[in-house]
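Here the structure comes first, spelled out in structure tokens, and everything after it is commentary.
Since every read-out is calculated from the coordinates, none of them should be taken as a lab result. This structure is a prediction, so every number in the text was calculated from the model and none was measured. In this analysis, Cβ positions are derived from the backbone assuming ideal geometry, glycine residues included, and neighbour counts consider all displayed protein chains.
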Amino acid sequence: MKKKILSLMLVFACAVSCFAGCGLGSYIDNNGGNNKPTVPTDPDNPVKPDEPVDPSVPETHYTVSVFYNNKLFDPAGEDITVVWKNDLNVKRVALGADGKADAGELDGDYGVYLEGLPSHYAYNPNANTATAENRKITILLTDVKQPERGDGKGLYVDGGCYVVRYDGNYRAQISYEGEYLYYQYTPTAAGFYSVESCVSVYADEINPLLRTYSGSGSYKFNPKDANGGGVSLEGGFTRNFRYEYKIDKSEVGHSFTFAVSAQGKNTDYPLTVDFAITYEGEYVSGNSDERIYRAKEAKIKAAEKKPGEKFTFADLGKKQFIYTYYDETTKTTEYNYKYNEDTGFFHYYNKDYADDPYGYGKNYGPILCCAISMPIESYSVTTLYDAHFVGLGQNFLRLYNMWLEEEHKYVVLNYTDFIREDYNRVSNSDGVCYVTKELKDFLQKFAESHSLYTDGAGTSEGTPEEKGYSANQDALWLFACGFYK
């Protein structure tokens, strides 16, 4: 009989990437350690005891061996069937107690998958193709992993977003049409990661859907549908998704969020979508590195509050931060807050102080302060002092993908010690310090990096926008500032 090439063509062709995407996962403990991830087990050469050649099985037979925990899998009484299928023939053989199945002599190429596998196991049903040159197929089973916490119902962690610390195989149960379950994953190892669905293209009943988000754990925006890219059959209903994510060493600790949904063809909800988060290998970007910043201007400790004084935040109770403004009368740019060369700090600047009551110079009022450990009215996600640990160890004091124009490259700016050591040291008992030029620069970058103001593109709880605050671009830094009066 003429050899029949499997015409159910896999659009996402490479079997190696199929295994990597939905086979095992490498199970990195992403909990802030320095664990170096391991490359996923190679399905063509799995780690397992030496398997003796069975002389009773002719070399011309199409066979399958199923492994779990590096040992041949014992179905333990479960009725599990191994299926060889192409567009002409289907061969079904029960999996034996020894974890093997023999289809005998077949002709052509076949997709190979399992039926009746208990639900707590996972594997990639689309990854195995038996051919005349590759008759012996190895299928590797793993466990379905559970998120650390959450119910998947909300975009943010405090709203139920699943928290994922490990790569591996996961399962989403979609209860109704249009439902998305949300996952937040925070790698602590640099590398190239993929998120890929493992829905059977042979059953062809469920179409998995993926939506990705930009931003950080505290603010997520720019939702994009990222469907397809994974395994599918030509003309099939099931089109698996595959999304790739690169984490440079300078970006470690930065979380990414995605959401999973599904459509059914002839299947009622709930629908099951298995997917894998997989470490695919090393990734090093030549365009980024990490710079640790320490303060150079944190020299004078902020004075304690005087009796009768009250701390007023820089919006002056109007929920609008204004740094500079255009005076129509004088046709000049005026300042609400201005740097004083004599003091080395920013001040509240107003014509009400024209007679210099503070002794800082004409129009210079109280010294502007920054809330380091004091709670901030406009931003309740965290204090600056505690911003090194938000959610599952996200360090908001590490600012990602910041462009250095003078060097023409992206870097991570690490301000952890800058805030927690240097400027906390010169804060008073209220937890505020004086605002210097370098501290103003940090606050502006912090506000930009964490998208504290987003012009209505979707709000995150606790941010200035969600609380009704606004600011011009040059005034973003004022969110944490105020003064005693």
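Structure above, values below:
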quantity: Segment 326-372-segment 148-165 distance, computed between alpha-carbon centres (Å); calculated: 45 Å
quantity: Dipole of segment 296-400, positive direction: furthest Cα of 343, 360, 325, with charges on the beta-carbon; calculated: 343
quantity: Options 281, 257, 307, ranked by Cα towards positive dipole end of segment 252-321, top entry (Cβ charges); calculated: 307
quantity: Dipole of segment 155-227, positive direction: furthest Cα of 201, 175, 161, with charges on the beta-carbon; calculated: 161
quantity: Sparsely packed GluC sites (Glu not before Pro) within segment 123-211, loop by DSSP, other Cβ within 10 Å at most 10; calculated: 133
quantity: Cα-centre dipole for segment 291-380 with unit charges at Cβ (Lys and Arg positive, Asp and Glu negative), debye to 20; calculated: 460 debye
quantity: Gyration tensor (alpha-carbon) shape descriptor, segment 119-263, a/c threshold 1.5; calculated: prolate
quantity: Three-way shape label, segment 205-315, alpha-carbon gyration tensor, a/c 1.5; calculated: oblate
quantity: Sorted peptide list for 304-311, 332-339, criterion being average Cβ within 10 angstrom, highest first; calculated: 332-339, 304-311
quantity: Cβ crowding within 10 Å averaged over residues, with 198-204, 294-300 ranked highest first; calculated: 198-204, 294-300
quantity: Those chymotrypsin sites (Phe, Trp or Tyr not before Pro) in segment 126-183 that DSSP places in a loop and that have at most 11 other beta carbons within 10 Å; calculated: 176
